Amino acid sequence: MNRELFLATFEQRLKSPVRMTLSAMLVFFTAIGFLMTRGAGIANTPHGYLLGLIFAGGVLGQEFSSGVPHLTFTRPVPRHVYVLSRWAAVCAVAVLWTLVPFVTAFFMTATAPTVLLGMLEASLQAVGIASVVLGLSAGLPGLADLGGLAAVGMIQNAARVAGAIAQDAKVAAFAGMTVSYVDAWFAPHLVLSAAAYGQALSPHAVFQYASTVVFWLVVAVLLVNRKQLSYATD
Amino acid sequence: MRPTDSTRILPRWLLVLLVVLLAGRIGFGLWERSHGSTKAVAPSAAGFGHATGNPGSKIDRVAWSDFAHALSMAQASRRPVLYEYSAEWCGPCHRLSDEVFADATSAYEINAAFVPVQFVDRRQEEGHNSAVIDSMQEAHVIRAFPTLVATTADGRELGRIVGYPGREEVRDSLRVFAGRAGGTSIRMGM
């Protein structure tokens, strides 16, 4: 990882007024939710996912549209280092913001293990979606990565509707399975809060999450390695 | 890096990591599917339907989910979880199974609106339950069989039915629970 690229991206994301406004609102309302439910709603909160989207959106695509990476790549910086540094930076910002609402939970009735599980779960969700957005952003211009994810969401909703209106249990089951498979590749997450109900963490779920994250990192590196982003021949 | 090195290399360690993780994903997926290691009790072995040896029992049409995946399925499909606690010796449990779970319409409604999970108490037959069943019974404060508990994916209870009040009463209550979950797009009672 390149320290300068990491810090530059970190600073760039924190200086974006739109991102900061959206994040502050999201964190505020999540914290209010924690306070109102007295910690009961800590598990499976979507704010990590949304913060991942906010900070990772256009992480590569916006740069490529501006032509900045073409200049960056004239320097002897391996492209995978560039990709991984930017990914690490957006993950760091998203995770930091994700953890903020949990501070309120510590002061409420929620027990420490529940809060810690919730923190880890939400952070992994932020990292997971940041990886997906990074992969999409490497191949799509501007903020089209978010558009791509919205399209995936529409396909999932179409499958849900098809499952709901089909008067057949097999069709409903197939639609549910489709939604789950798409979700595994486009919204990686680990349900850690289930441990609070005595459920052991499935090794398959862990490998599913980790492989999806790494898969999108590889996709991003492969796409950024394309020749069109070079001034020189190599 | 050396001046002759390309800046466009794909690091081998990343590829190796991906291959290892994908292999683990496929391997554990197949293993969990065949072994069901964390499964509470398989419906076929749970003492319902034809497997019970009770000639009067009907086929259970509810697509009971593996407990290990129920919460993630509930989260992914935005459906609440319906836990059914029963026991083989329990007469009302068999009536619930025969009149609700074996009924195509009722089973369709349950499959569409919930992620159903079944726990069968085995204390009377085997002297003890698995740790999962015991902890779930304790978590949901189960005092009688059958008990149906509907919860959101994060464990918030939406409602419960203790005992077997009759098919229509069960279906009406389940509709109410599904409605409380919010976001449930399935129309019940079709």
Filter the stretch A:70-85 for residues that are outside any helix (DSSP H, G or I), under 15 Å from A:ARG3 (Cα atoms) and in contact with a helix residue (DSSP H, G or I) (Cβ under 8 Å, 6 or more places away or on another chain) and give the result.
A:VAL77
Selection count, the stretch B:141-165, where residues are of a type in the set (Gly, Ala, Ser), modelled with pLDDT of 85 or more and on the phi > 0 side of the Ramachandran plot:
2
Quickly run through the stretch A:178-191 and pick out the residues that are modelled with pLDDT of 75 or more and either under 21 Å from A:PRO113 (Cα atoms) or more than 7 Å from every other protein chain (Cβ to nearest Cβ) (or both).
A:THR178, A:TYR181, A:VAL182, A:ALA184, A:TRP185, A:PHE186, A:ALA187, A:PRO188, A:HIS189, A:LEU190
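Looking only at the stretch A:131-153, decide whether some residue is in contact with a Pro (Cβ under 8 Å, 6 or more places away or on another chain) and closer than 30 Å to A:PHE64 by Cβ.
Within the stretch A:131-153, one or more residues are in contact with a Pro (Cβ under 8 Å, 6 or more places away or on another chain) and closer than 30 Å to A:PHE64 by Cβ.
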Within the stretch B:73-190, which strands (runs of 3 or more DSSP E) (wholly inside it) include 2 or more residues that are within 15 Å of the chain's Cα centre (by Cα)?
B:81-87, B:115-121, B:147-151
Residue among A:PHE29, A:PHE64 that is touching a His at 6+ places or on another chain (Cβ under 9 Å) and over 30 Å from A:THR114 (Cβ atoms)
A:PHE64
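The values are calculated or read from the model by the stated rules, or taken from the named source; none is laboratory data. Predicted model, so just to flag it, every value in this text is computed and none were measured. Note that we place each Cβ from the backbone using ideal geometry, even for glycine, and neighbour counts take in every protein chain shown.
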